[in-house]
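Okay, structure first, notes after.
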Amino acid sequence: MAQAAKSAINDESFAHTKMNEPLLLEALQLPRIEHERVERLQIETGDRAETIVRRLGLVTDLRLAEAYAQVLKQPLVQDTELREATFVADMACRDFFYRYKLMPLTMTDQALEVAMTDPLDPDVMEALTFRFECPVRPRAALPADVDAALDQVYGRQGGLGSGPGSPSDADTRWETDLERLREEASDAPVIRRVNALIAQAVEKRASDIHIESTETGLRTRYRIDGVLSDVDQAAEHLRNAVISRLKVMANLDIAERRLAQDGRIRQVIQGKEIDFRVSTTPSAHGENVVLRVLDRDRTVLDFAELGFDRTVLAQWLATISRPHGVVLVSGPTGSGKTTTLYTSLQHLNSTERKILTVEDPIEYVMAGINQTQVKPLIGLSFANVLRSFLRQDPDIMMVGEIRDLETAQIAIQASLTGHLVLSTVHTNDAASAMARLVDMGVERYLLTSTVSGVLAQRLVRRLCHRCREGYEAPPDLCRTLGFVEAGIEAPTLFRARGCSACGQRGYVGRTMILEFLPMSDRIRSLVMQGGEAREIEVAAVQDGMQTMYRHGLRKAAAGETTIDEVMRVIGDD
């Protein structure tokens with residue numbers, strides 16, 4: 001092709017780059033101060049806006065890709081479109097595609113359509129135009145999606161992390177060659193893939209990231225509003241590299257695959273620091289990793305936001321305001337118990353009170369409160385820390401969990417000597433907490449003289465108010481579900497629909513349904529007599545306790561959640 005023709009192609013393919021950079025900044029909708037900061041750094045460094053935005057961590061990969069798509073006036077390339085790409089370049093292009101994270105989609109007489117993570121990069125556009133001798137039409141795509149597509153096309157032909165021999169041979173080499181494992185974890189495509197998974201989880205408001213080894217590769221799922229959904233599949237040869245990368249970030253032993261490990265990661269995402277609690281465990285096909293997302297900005301320590309109604313809140317505040325006693329929060333893992341305790345501590349926190357906590361782990365650092373994390377390997381257990389607390393002259397102590405007799409006895413001893421103790425237990429409802437402590441070996445007379453009350457709770461998804469759909473509940477359904485007994489006549493119920501505001505899920509965030517059991521004289525008498533949990537619950541309801549199920553009915557009738565959600569988390573009475 002003549003040089004003049006090539007110049008014309010180049011002009012058509014990437015002349016848009018410079019003029020589109022200001023449009024990109026506008027599409028990103030950065031706060032004014034950050035927008036000015038990027039423009040200032042452009043002048044000082046000569047770098048492109050995209051490079052500066054990525055370096056500062058001001059936006060997620062998803063937000064940047066959406067902005068690119070808006071500027072190019074082309075829809076964002078979806079992972080299905082990448083997997084169905086009809087144009088496959090030869091292996092000589094593989095390293096270039098991996099390095100610059102791009103994937104050809106289709107080739108026509110008019111142009112080559114390419115999915116790119118930086119579709120405004122003029123050097124890459126020029127290189128593509130020169131290599132394929134035709135105009136290039138760029139489209140924006142997510143880095144993780146491009147990586148997955150490249151792995152699908154080139155991975156088994158000598159791509160990233162592959163080599164001679166079977167996958168099992170590679171696993172054997174990685175077990176015996178620690179340096180090779182570190183190198184795989186440090187490869188740029190692996191680092192970008194892991195960073196993209198983490199950033200996308202924060203963008204989608206996920207509470208947990210589940211990365212699971214399977215027979216064919218690596219499966220990634222996000223827990224959003226309490227429900228897991230698939231987001232990514234990685235090829236088998238990437239499994240050890242991705243998991244090793246996460247271990248390196250969490251300061252864990254990457255060579256240890258037989259034992260469970262725990263660690264923490266701190267990442268700057270969208271300009272703010274976010275912590276991740278990391279847990280690894282061995283499985284049949286390798287290792288599984290779960291990351292708990294600890295985003296302080298998303299945690300609102302406010303009783304009304306959590307879902308407390310006025311009656312329960314008044315009872316709860318009266319109970320935790322007493323100078324001594326044991327106050328418990330019960331529920332399964334992930335039901336928001338720790339958040340309730342943190343909110344309570346914030347309410348109690350003042351310069352006149354000394355508050356000490358022992359946790360495993362410390363999820364959020366709170367100003368004005370002395371927090372200690374247990375370390376069982378060096379003998380720093382809940383019980384040992386509590387003993388030392390008693391010599392620190394505290395007013396209030398919070399124990400992350402009462403999980404054995406020794407911890408329970410020291411908590412009760414602290415209450416008897418004039419301290420307020422807040423803690424959690426793992427039971428299904430408030431009445432079962434008494435039976436759980438008795439099973440641990442706590443004497444009944446100590447429970448009746450120290451426990452002030454038990455709060456049980458669950459989390460249900462909150463309906464999106466933009467798209468929820470109301471319907472009149474049939475009378476038969478109202479009777480069956482217990483609305484009549486709860487004093488709720490002819491309620492209007494709601495169902496989830498889905499819209500752009502809620503990501504087509506129909507739900508945004510979660511709210512609590514709860515029950516509070518105060519230790520009345522009647523309840524104390526039943527505990528002393530060895531009453532079963534069901535007997536205690538019946539007596540508490542007769543004394544005026546609202547069960548979690550009935551609280552859920554009221555929230556469904558108010559349009560905050562759905563009956564399906566209430567039934568999903570607790571069933572019926």
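Tabulated data
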| quantity | calculated |
| --- | --- |
| Candidate set from region 111-153 (those that are of a type in the set (Lys, Arg) and modelled with pLDDT of 85 or more); member that is farthest from residue 192 (Cα to Cα) | 137 |
| Single residue of 559, 503 found to be modelled with pLDDT of 90 or more, open to solvent by less than 60 Å² (accessible area, probe 1.4 Å) and either aromatic (Phe, Trp, Tyr) or within 21 Å of residue 470 (Cα to Cα) (or both) | 559 |
| One residue from 30, 23 being within 33 Å of the chain's Cα centre (by Cα), open to solvent by less than 40 Å² (accessible area, probe 1.4 Å), modelled with pLDDT of 80 or more and farther than 27 Å from residue 153 by Cβ | 30 |
| Flag if residue 50 is modelled with pLDDT of 80 or more, open to solvent by less than 40 Å² (accessible area, probe 1.4 Å) and touching a helix residue (DSSP H, G or I) at 6+ places or on another chain (Cβ under 9 Å) | yes |
| Residues being in a helix (DSSP H, G or I) and of a type in the set (Lys, Arg) - total across region 358-415 | 1 |
| Meets criteria (buried (at least 19 other Cβ atoms within 10 Å of the Cβ) and over 30 Å from residue 469 (Cα atoms)) for residue 570 | no |
| Residue selected from region 283-308 under the condition exposed (fewer than 15 other Cβ atoms within 10 Å of the Cβ) and over 27 Å from residue 60 (Cβ atoms), by the criterion farthest from the chain's Cα centre (by Cα) | 284 |
| Region 506-551, subset open to solvent by less than 10 Å² (accessible area, probe 1.4 Å) and over 37 Å from the mean Cα position of the chain (by Cα), residue farthest from residue 328 (Cα to Cα) | 539 |
| Residue that is nearest to residue 194 (Cα to Cα) [pool: residues in region 53-62 that are surrounded by fewer than 18 Cβ atoms within 10 Å (Cβ to Cβ) and either of a type in the set (S, T, N, Q) or in contact (Cβ under 8 Å) with a residue 60 or more places away in the chain (or both)] | 57 |
| Long-range neighbours under 7 Å by Cβ, at least six apart or interchain, first residue closer than 22 Å to residue 350 by Cα within region 382-394, second among the small types (Gly, Ala, Ser) and modelled with pLDDT of 85 or more | 386/411; 386/414; 390/414 |
| Cross-chain or 6+ apart pairs with Cβ under 7 Å, region 466-490 first and open to solvent by 70 Å² or more (accessible area, probe 1.4 Å), then assigned to a loop (DSSP other than H, G, I, E, B) | 466/499; 468/496; 468/497; 468/559 |
| Any hit, region 131-139, residues being without any contact (Cβ under 8 Å) to a residue 40 or more places away in the chain, touching a Cys at 6+ places or on another chain (Cβ under 9 Å) and crowded, with 20+ Cβ neighbours inside 10 Å | no |
| Cβ-Cβ under 8 Å pairs, at least 6 apart or on other chains, region 287-305 side within 14 Å of residue 366 (Cα to Cα) and touching a residue at least 12 places away in the same chain (Cβ under 8 Å), far side open to solvent by less than 70 Å² (accessible area, probe 1.4 Å) and basic (Lys, Arg) | 294/277; 297/272 |
| Count of region 73-97 residues which are assigned to a helix (DSSP H, G or I), in contact with a helix residue (DSSP H, G or I) (Cβ under 8 Å, 6 or more places away or on another chain) and open to solvent by less than 80 Å² (accessible area, probe 1.4 Å) | 7 |
| Output for region 235-286, where each listed residue is touching a residue at least 12 places away in the same chain (Cβ under 8 Å), touching a helix residue (DSSP H, G or I) at 6+ places or on another chain (Cβ under 9 Å) and among the charged types (D, E, K, R) | 236, 239, 245, 247, 257, 272, 275 |
| In region 245-262, residue surrounded by the fewest Cβ atoms within 10 Å (Cβ to Cβ) [restricted to those that are outside any loop (DSSP other than H, G, I, E, B) and touching a Ser or Thr at 6+ places or on another chain (Cβ under 9 Å)] | 262 |
| Set 460, 508, 527: member being within 26 Å of residue 226 (Cα to Cα), touching a residue at least 24 places away in the same chain (Cβ under 8 Å) and touching a Ser or Thr at 6+ places or on another chain (Cβ under 6 Å) | 460 |
| Single unsatisfied condition, residue 291 versus (1) closer than 14 Å to residue 397 by Cα; (2) touching a Phe, Trp or Tyr at 6+ places or on another chain (Cβ under 8 Å); (3) part of a strand (DSSP E or B) | (1) |
| Candidates 558, 533, filtered to the one that is more than 22 Å from residue 479 (Cβ to Cβ) and among the hydrophobic types (A, V, I, L, M, F, W, C) | 533 |
| Number of positions in region 416-431 that are of a type in the set (Gly, Ala, Ser), part of a loop (DSSP other than H, G, I, E, B) and either without any contact (Cβ under 8 Å) to a residue 60 or more places away in the chain or surrounded by 16 or more Cβ atoms within 10 Å (Cβ to Cβ) (or both) | 2 |
| Residue list for region 309-331, filter: in a loop (DSSP other than H, G, I, E, B), open to solvent by 10 Å² or more (accessible area, probe 1.4 Å) and over 21 Å from residue 394 (Cα atoms) | 309 |
| Scope region 382-411; condition surrounded by fewer than 21 Cβ atoms within 10 Å (Cβ to Cβ) and either β-branched (Val, Ile, Thr) or closer than 18 Å to residue 342 by Cβ (or both); matching residues | 394, 395, 401 |
| Search result, residues across region 445-477 that are touching a strand residue (DSSP E or B) at 6+ places or on another chain (Cβ under 9 Å) and part of a helix (DSSP H, G or I) | 447, 450, 477 |
| Condition check for residue 359: open to solvent by less than 70 Å² (accessible area, probe 1.4 Å), modelled with pLDDT under 90, among the acidic types (Asp, Glu) and touching a Leu at 6+ places or on another chain (Cβ under 8 Å) | no |
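The values are calculated or read from the model by the stated rules, or taken from the named source; none is laboratory data. Computed from a predicted structure; not experimentally measured. Ideal geometry is used to build each Cβ from the backbone, glycine not excepted, and the neighbour counts take in all protein chains shown. Remember, those area values only see protein heavy atoms, side chains included, never the ligands or the DNA or RNA. Shrake-Rupley method; radii C 1.70, N 1.55, O 1.52, S 1.80 Å.
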